[in-house]
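The values are calculated or read from the model by the stated rules, or taken from the named source; none is laboratory data. Bear in mind that the values here come from a model prediction, so they are computed numbers and not experimental data. Neighbour counts are summed over all protein chains in view; Cβ atoms, including those assigned to glycine, are modelled from backbone coordinates with ideal geometry.
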Amino acid sequence: MEAMLAIAIGLLSSCGVYLMLRARTFPVILGLTLLSYAVNLFLFASGRLTINAPPIISAEASHYTDPIPQALVLTAIVIGFGMTAYIVTLALRGLSESGDDHVDMTVESAENDKEGEPS
Amino acid sequence: MMSFFTLHGPILPVLIPFVSSIVLLLAAGRHPAMQRGIAAFSTLLLLAASAHLLRLTDYLPPLAYALGEWAPPFGIVLVADRLAALGVMLTAILAAAALLYASAGFDRKGRHFHAIFQLQLVGINGAFLTGDVFNLFVFFEVMLLASYILLAHGGGLDKSRSGFAYVTLNLAGSAVFLIALGLIYGTLGTLNLADIAIQLQSVSAGEASLVRLAGALLFTVFLLKAAVLPLSFWLPHAYAAAGAPVAALFAIMTKVGIVAMLRVEVIAFDPAAATQDLLGGWLIIAALATIAVAALGVLTAKKLQSLAAWLVLSSAGVLLLLPPLANSAVTAAGLYYLVQSAITGAAIFLLSGLIAQSRGQTGDKLLASATAVPVKLKIGFLLLAATAAGLPPFSGFIGKLMLLSAVSETPMAALIWTVILLSGLLTTIALAKAGSRLFWESPADMKTVAATLATEATPRICLRQTLAGFGLIAVSLLLLIFARPVSDFTGRTAAQLHQPEHYIKAVIPDPDATHRVTRP
């Protein structure tokens, strides 16, 4: 199970990094999402992998799983979700303003540069 | 028996803006005057709470505030020491000036400006006050999320473009941050900073390399926020694109990264044998390279606001010398420099907004303009330029002097002196050039001047904007007049920071009493 989880984290983060290095906004956002999945899995594993054990005190339980990484992952998921929603909006706004989904939003930026703004 | 305000002092700077941001969200879109009133009231309360905290921490040991009485290391803990109080006070001053400036009309460009502004303060104050690294992550995210929205406030392609890069970079940074936290929790079993310091003392040889990796990743994220050279290319674009009051508040954000880094290094990582040599000469070189590149950036900037952004980067480079040197005298001088550079940086952003407004269409571009700039703005620019360049007798000079004499004992003193002094010279030249372009040069073609003057309405500058800009200039002059008491305080702050046992004892009085379960 450890090997499977490690492979999954590695695969997700390598795909995420590859997509993040693309020049269009949509793949970049997908890459960020994949990377955050990888990170969430990694955080989950930081409390060690325990099977069939409850995270909170119970009378029947013989052993427990660490509840803190679960709380951390929950926080990270919520934050990541909000961030993704915002960056999608920002990308859409850039698309509607420049008519291009390149990450540099280049179509009109060339004109801006002529006016003296360093790019 | 401690009084209510002493007991709850550490959480007030987080709670006040948080409550007012919720109230402001409910009042969104209605009664702009009421929104401004609530925001102003909240910021005044924040100023009072910060001043109170500053006074408390000056004569008390670090105050640990366990939320919900969950004893550390298990619960969430806020710790108010002198460093945190200094950061919170500085934030409150900048926030008051930025808010005053924004309430002249900038806040009307979007519905939620005031609510997001208060959330930004929650994030910054929380990052200064928090006592565990996971909440540091959470407060960083609150701060960044609010800053993304404030950066885009007002609209325009320039803001979307620099905003997208800024958000992407910081999201990637957050991923690295979380991996570091996972590694720390996986090896040390705790995320409380004081507890990390205790656990690091007895880390096994097998786990030492993992802890070092975690520390390196953590410092990488802090360096991204603090904008050290290879990770700094986002800063000039983002800060130059933001609206003037937003950029003024952003002047504190690189400082948050530096303070977080300093705290983690001095309290947890430096005293432990396994992680002692994580920050070293390489960071000094990187910081000096940041200063050098920023000086070139100041020289080549084509707009006053991007010039100010490069100045922020330059001061961030100077402050990045503090964590690797980790020495009480250097930290004391560096904290004075931090305070004065944040105030001066913010004031230049506000003043560049004012100058842009008074020059009509030419804006803050460093070109000749048909409309003349009012004399008061010229005087303000002169004072700020002299402070930023570190010319005597202004507070920038005192800050640099103290820092240079403090580093003279360290092995790389000659290199540090050369780079800082040369960058001061280049900054002086650049600011003199910018000032003469902005104020004295007139356009070659007099016909266009007449045409522009005929068509353009006389620009109006609101009294509030002038007050905000000159208020910050006054604070910068006060830092000069009261240089002695302020530098005494930063000296006491540094002395407290460099005795981490006080911090640890305040959070966890008796480490042996904590019951721990050994993990597989």
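Is it the case that some residue within the range B:191-201 is of a type outside the set (Phe, Trp, Tyr), closer than 30 Å to residue B:509 by Cβ, more than 17 Å from the chain's Cα centre (by Cα) and not in a helix (DSSP H, G or I)? Yes - at least one qualifying residue is present in the range B:191-201. Within the range B:375-400, restricting attention to residues that are surrounded by fewer than 16 Cβ atoms within 10 Å (Cβ to Cβ) and under 20 Å from residue B:295 (Cα atoms), the residue that is modelled with the highest pLDDT is B:382. With respect to the conditions (1) surrounded by fewer than 18 Cβ atoms within 10 Å (Cβ to Cβ); (2) at the interface with another protein chain (Cβ under 7 Å from one of its Cβ atoms); (3) modelled with pLDDT of 80 or more; (4) over 27 Å from residue A:51 (Cα atoms), residue A:75 lacks only one, and its number is (4). Just to be sure, is residue B:164 buried (at least 21 other Cβ atoms within 10 Å of the Cβ), within 25 Å of the chain's Cα centre (by Cα), at the interface with chain A (Cβ under 7 Å from one of its Cβ atoms) and not aliphatic (A, V, I, L, M)? Here the answer is yes, as residue B:164 does meet what is asked.
Considering the conditions (1) without any contact (Cβ under 8 Å) to a residue 12 or more places away in the chain; (2) of a type in the set (S, T, N, Q); (3) within 11 Å of chain B (Cβ to nearest Cβ), residue A:58 is excluded by exactly one of them, (3).
Residues of the range A:78-104 that are more than 9 Å from chain B (Cβ to nearest Cβ), outside any helix (DSSP H, G or I) and either of a type in the set (Asp, Glu) or within 22 Å of residue B:146 (Cβ to Cβ) (or both): A:100, A:101.
Looking only at residues of the range B:143-157 that are touching a residue at least 40 places away in the same chain (Cβ under 8 Å) and buried (at least 20 other Cβ atoms within 10 Å of the Cβ), we find that the one that is farthest from residue B:221 (Cα to Cα) is B:153. For the range B:110-142, taking the residues that are of a type in the set (Gly, Ala, Ser) and under 16 Å from residue B:264 (Cβ atoms), the one that is surrounded by the fewest Cβ atoms within 10 Å (Cβ to Cβ) is identified as B:126. Scanning the range A:24-55 for residues that are part of a loop (DSSP other than H, G, I, E, B) and facing chain B (nearest Cβ under 10 Å) yields a count of 5. The C-beta contact set for the range B:279-294 (first residue under 13 Å from residue B:231 (Cβ atoms), second residue surrounded by fewer than 22 Cβ atoms within 10 Å (Cβ to Cβ) and of a type outside the set (D, E, K, R), distance under 7 angstrom, 6+ apart or interchain) comprises B:286/B:229; B:289/B:229; B:290/B:229; B:293/B:229.
Only one of the numbered conditions (1) modelled with pLDDT under 90; (2) in contact with a helix residue (DSSP H, G or I) (Cβ under 7 Å, 6 or more places away or on another chain); (3) polar (S, T, N, Q); (4) in a helix (DSSP H, G or I) is not met by residue B:315, and that is (1).
Would you say residue B:142 is among the β-branched types (Val, Ile, Thr), under 18 Å from residue A:90 (Cα atoms) and either assigned to a helix (DSSP H, G or I) or away from chain A (no Cβ under 12 Å) (or both)? Yes; evaluated as a whole, the condition is true for this residue. In this structure, does residue B:254 turn out to be more than 30 Å from residue B:349 (Cβ to Cβ) and either surrounded by 22 or more Cβ atoms within 10 Å (Cβ to Cβ) or facing another protein chain (nearest Cβ under 10 Å) (or both)? The answer is no for residue B:254.
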